[in-house]
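The values are calculated or read from the model by the stated rules, or taken from the named source; none is laboratory data. Everything numeric in this text was worked out from a predicted model, so none of it was measured. Backbone-built Cβ (ideal geometry, glycine too); neighbour counts: all protein chains shown. Quick note on the areas: whole protein, heavy atoms, side chains included, nothing else; ligands and nucleic acids left out. Shrake-Rupley method; radii C 1.70, N 1.55, O 1.52, S 1.80 Å.
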Amino acid sequence: MTRQQSIVNDYIEKLILSSDPLDPLWNVESMVCGKAPKWNYIDNCMITAVLMLYETESDERLLDYSVKYMDTYVNDDGTIPTMNCADYNLDNLCGGRNLISLWKHTNSEHYRLGFEKLWKEQVLRQPRLSCGNFWHKAIYPDQIWLDGTYMAMPFMAEYGKLHDLRGVMDDVERQLFDMRKITRDPKTGLFYHGYDDTKNMIWADPITGLSPEFWLRSNGWICAAMADVFEILEDQRIGKMLAEILGDIIKYCRDDGMLYQLPAKPELEGNYPETSGTLLVAYSAMKAARLGICGEDIRQAGLKAFKTVTDKFINTNAEIPVLGNICLVGGLGGENERDGSAGYYLSEKITQNDAKGIAPYIMAFTETKKM
């Protein structure tokens with residue numbers, strides 16, 4: 001058994017299947033911040049990874065746990081009591097694709113009712129910027145964040161394909177294209193974390209409206225969004241955008257394949273190799289190569305990054321493997337007035353064994369199994 005397989009097995013046995021859905025061991029952010037159990041993107045990212053592994057390995061326990069988790073939060077009529085669609089929080093759409101997946105696997109009606117409610121009560125009402133892209137959240141009006149692409153676009157793509165809605169599939173492509181058009185820096189090829197259409201936020205450039213830095217995980221989110229959407233829709237324009245960003249971002253990899261929290265500033269004091277963003281890029285690179293979007297150089301970059309995380313950033317001396325160097329959170333504005341500066345991103349807590357790192361590790365592992 002490879003080290004990678006052993007680590008994934010241990011995570012499944014000792015961290016995931018043993019977790020109470022109301023208090024999962026992988027949601028470090030909820031533990032640190034004392035959040036009450038609710039529908040959230042962190043847990044749904046983990047369930048997405050678990051379902052990807054299920055489809056690769058056919059371990060029925062993975063499906064059973066995904067059902068157990070989802071049924072804790074989704075009622076028989078498809079309602080999700082711990083979320084409010086009127087928050088217009090794109091993070092809440094992340095689980096929509098899990099509802100579609102579980103409906104396909106189990107034919108349970110409440111999953112279909114659940115994703116239809118998400119669609120009708122949030123997606124169709126989600127506020128948009130003048131360009132047509134979704135606001136990130138109601139509390140962040142007139143703003144787009146890269147994170148939101150992963151939270152919303154794969155679900156929209158799945159829903160559009162399921163119902164053969166050409167307009168929805170075109171909307172996904174256009175929103176991704178506009179995200180590139182607005183946030184991509186032509187010099188580096190990297191994407192700025194956020195954009196404020198009013199240009200009034202503390203973190204926004206008064207001329208461009210862009211946040212000041214390239215945050216690794218946000219670039220990883222949009223890579224993964226493009227990779228998953230391409231697999232669903234086979235849209236060649238999205239494939240070209242993915243090939244472009246992967247070709248640009250791997251230029252910032254260290255010799256061992258890792259990427260820094262602020263990838264364009266490796267020399268900055270306090271900057272560090274960050275695992276969650278590196279793994280999202282690695283996953284996207286391996287998937288893009290498998291789907292024929294990129295060549296062997298991109299595949300090898302993804303494999304190298306995944307191997308380095310496995311060998312250097314996961315400690316297997318304890319009962320449960322420990323994945324380190326995970327940035328706990330990253331955002332813009334809000335009650336803490338996060339200014340998007342380099343100092344801000346380097347001040348955020350570095351943690352371990354949070355789903356934002358473990359989920360993309362499992363996702364990347366599934367890609368190694370498909371090669």
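Figures for the structure shown
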read-out	value
Positions within the stretch 260-316 being in contact with a strand residue (DSSP E or B) (Cβ under 7 Å, 6 or more places away or on another chain), of a type in the set (V, I, T) and part of a helix (DSSP H, G or I), in sequence order	T275
Counted residues, the stretch 221-242 - those being open to solvent by less than 30 Å² (accessible area, probe 1.4 Å), in a helix (DSSP H, G or I) and more than 20 Å from G96 (Cα to Cα)	4
Search result, residues across the stretch 124-159 that are in a helix (DSSP H, G or I) and open to solvent by 10 Å² or more (accessible area, probe 1.4 Å)	L124, R125, D147, E158, Y159
Filter result for E319 (open to solvent by 50 Å² or more (accessible area, probe 1.4 Å) and touching a Lys or Arg at 6+ places or on another chain (Cβ under 8 Å))	yes
Residue count for the stretch 74-86, restricted to those that are closer than 19 Å to P154 by Cβ and open to solvent by less than 10 Å² (accessible area, probe 1.4 Å)	1
Count - residues of the stretch 1-42 that are in a helix (DSSP H, G or I) and either buried (at least 21 other Cβ atoms within 10 Å of the Cβ) or not acidic (D, E) (or both)	19
Residue list for the stretch 99-123, filter: buried (at least 19 other Cβ atoms within 10 Å of the Cβ), over 29 Å from G333 (Cβ atoms) and among the polar types (S, T, N, Q)	S101
Filtered residue count, the stretch 43-71, keeping only those that are open to solvent by 60 Å² or more (accessible area, probe 1.4 Å) and modelled with pLDDT of 95 or more	6
Only one of D256, D248, D297, D311 that is touching a Gly at 6+ places or on another chain (Cβ under 7 Å), surrounded by fewer than 24 Cβ atoms within 10 Å (Cβ to Cβ) and more than 30 Å from R166 (Cα to Cα)	D248
Residues that are polar (S, T, N, Q) and open to solvent by 20 Å² or more (accessible area, probe 1.4 Å), drawn from the stretch 87-98	N89
